[in-house]
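Chemist: One structure, as structure tokens, below. Some questions next.
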């Protein structure tokens, strides 16, 4: 069964020739009334033009629409790129009869090319004409690049409210943030401060804990809108209503993040990396991130090779203080490393377990009780082919 938009939202999509395939490449999402809004963005110092425009429009904490294009990142495009992103918001605003500052803008695709605004104007206008309450999947397909399928998720948020999300991403995915776009919509009525804090918390536990290739994008954007169309009291921090909405946002973000990893470019496995026994959360996170970003380890996983030495090597360059002679490692359920040396586990049984679609790596640092979980996938020759053939 298809996922429906929350109350008060419409979505539409159109093709304007930004994608070489001719598929839809412009998505528009609109709230029928004012909505509280928040955003989280890439920490790459090189940021695409639409991020600057969207950050500026978010200062008031409100929005009415999101317009996104695929096929062109509008990144590294200077003053012209900023003007084009602003004009994109203007075109969408005119179509909807709303203020330009109430439109948030996002782009994804090839870096270093100017947007063909003559085509994009037509695309935004056509997407506005296609708006409907059942346009969610069309919008999700429009923002896809190397994705093989749209990414959608939904959850309840208490009091009859719902949270729905769509995302794109299959490559150029790394923590802080994991190229990706994510748009989260709820019909709960939310205080601006609560909404911003809720999104930051959700992103930290979801999109910031996945890695496909360790490459951080210039365009990563996650936006959250709350229009209150479901009725009910204003959600503020510290209330039961806030907990229910937070749980819904968390659930949607975790689902979308996992879908991104499952659809990773050329991936044949989803790999859960669990680091435990760290002295604190920072250490656990640093160790887990070093493991998921290891090219050598992920290449070994593609061949179902239980090479636990590559796990140890990754942990050793994570920058944390540790005693290598206290570290244990499990691959495929087998304890292959015990106190920094070969463990009692069975290598052949580990190799068999690593042939599955879902595999797990567990590392115990024996330093404390903190734990962190990251998701990644294997590195295949198909990943190399896809990115070697990606057009510039």
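Residue-by-condition table, conditions (1) more than 21 Å from the chain's Cα centre (by Cα); (2) within 19 Å of residue 353 (Cβ to Cβ):
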| residue | (1), (2) |
| --- | --- |
| 264 | no, no |
| 267 | no, yes |
| 285 | no, no |
| 289 | no, no |
| 292 | no, yes |
| 304 | yes, yes |
| 308 | yes, yes |
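Chemist: To continue, here is another question. Being buried (at least 24 other Cβ atoms within 10 Å of the Cβ), within 21 Å of residue 145 (Cα to Cα), modelled with pLDDT of 95 or more and in the same structural domain as residue 193 (by TED's automatic domain parsing) is the requirement here; does residue 67 meet it?
Modeler: yes
Chemist: Also: Just need a number here: residues in segment 138-147 that are surrounded by fewer than 24 Cβ atoms within 10 Å (Cβ to Cβ) and either outside the structural domain of residue 127 (by TED's automatic domain parsing) or farther than 18 Å from residue 258 by Cα (or both).
Modeler: Count: 1.
Chemist: Right, something else. Of the conditions (1) assigned to a helix (DSSP H, G or I); (2) modelled with pLDDT of 95 or more, residue 273 clears all except one; give me its number.
Modeler: (1)
Chemist: A follow-up question, please. Out of everything in segment 346-356 that is in contact with a strand residue (DSSP E or B) (Cβ under 8 Å, 6 or more places away or on another chain) and surrounded by fewer than 21 Cβ atoms within 10 Å (Cβ to Cβ), what residue ends up being farthest from residue 270 (Cα to Cα)?
Modeler: Start the filter on segment 346-356 by keeping residues that are in contact with a strand residue (DSSP E or B) (Cβ under 8 Å, 6 or more places away or on another chain), which leaves 346-347, 349-350, 353-354.
Add one more test, that the residue is surrounded by fewer than 21 Cβ atoms within 10 Å (Cβ to Cβ), and what stays is 346-347, 349, 353.
Numbers: 346: 22, 347: 20, 349: 19, 353: 13 Å.
Only one residue fits best here, namely 346.
Chemist: Out of curiosity, is residue 244 in the same structural domain as residue 42 (by TED's automatic domain parsing), farther than 20 Å from residue 41 by Cβ and within 24 Å of the chain's Cα centre (by Cα)?
Modeler: Details: in the same structural domain as residue 42 (by TED's automatic domain parsing): yes; farther than 20 Å from residue 41 by Cβ: yes; within 24 Å of the chain's Cα centre (by Cα): yes.
When the stated conditions are applied, residue 244 passes them.
Chemist: Tell me which residues, restricted to segment 148-188, are crowded, with 22+ Cβ neighbours inside 10 Å and modelled with pLDDT under 90.
Modeler: Residues satisfying the conditions are 169, 170, 171, 172, 173, 174, 177, 178, 179, 180.
Chemist: Moving on to the next point. Go through 317, 359, 384, 373 for me and flag whichever is surrounded by fewer than 17 Cβ atoms within 10 Å (Cβ to Cβ), within 23 Å of the chain's Cα centre (by Cα) and more than 30 Å from residue 18 (Cα to Cα).
Modeler: 373
Chemist: What is the residue count in segment 77-112 for residues that are assigned to a loop (DSSP other than H, G, I, E, B), at pLDDT 95 or above and more than 22 Å from residue 166 (Cβ to Cβ)?
Modeler: Of the residues in segment 77-112, 3 are assigned to a loop (DSSP other than H, G, I, E, B), at pLDDT 95 or above and more than 22 Å from residue 166 (Cβ to Cβ).
Chemist: Please indicate, with yes or no, whether at least one residue in segment 246-269 is out of contact with any strand residue (DSSP E or B) (no Cβ under 6 Å at 6 or more places or on another chain), farther than 26 Å from residue 104 by Cα and either in a helix (DSSP H, G or I) or modelled with pLDDT of 95 or more (or both).
Modeler: No, the conditions are met nowhere in segment 246-269.
Chemist: Still on this model: So which of 4, 28, 18, 58 is in a strand (DSSP E or B) and either under 28 Å from residue 148 (Cα atoms) or modelled with pLDDT of 95 or more (or both)? Even if it seems obvious, please write down each step before you answer.
Modeler: On the way: 4 fails: in a strand (DSSP E or B); 18 fails: in a strand (DSSP E or B); 58 fails: in a strand (DSSP E or B).
Exactly one residue qualifies, and that residue is 28.
The values are calculated or read from the model by the stated rules, or taken from the named source; none is laboratory data. Please read all numbers here as calculations on a predicted model, not as lab measurements. Cβ sites come from the backbone with ideal geometry, for glycine too, and all protein chains shown count toward neighbours.
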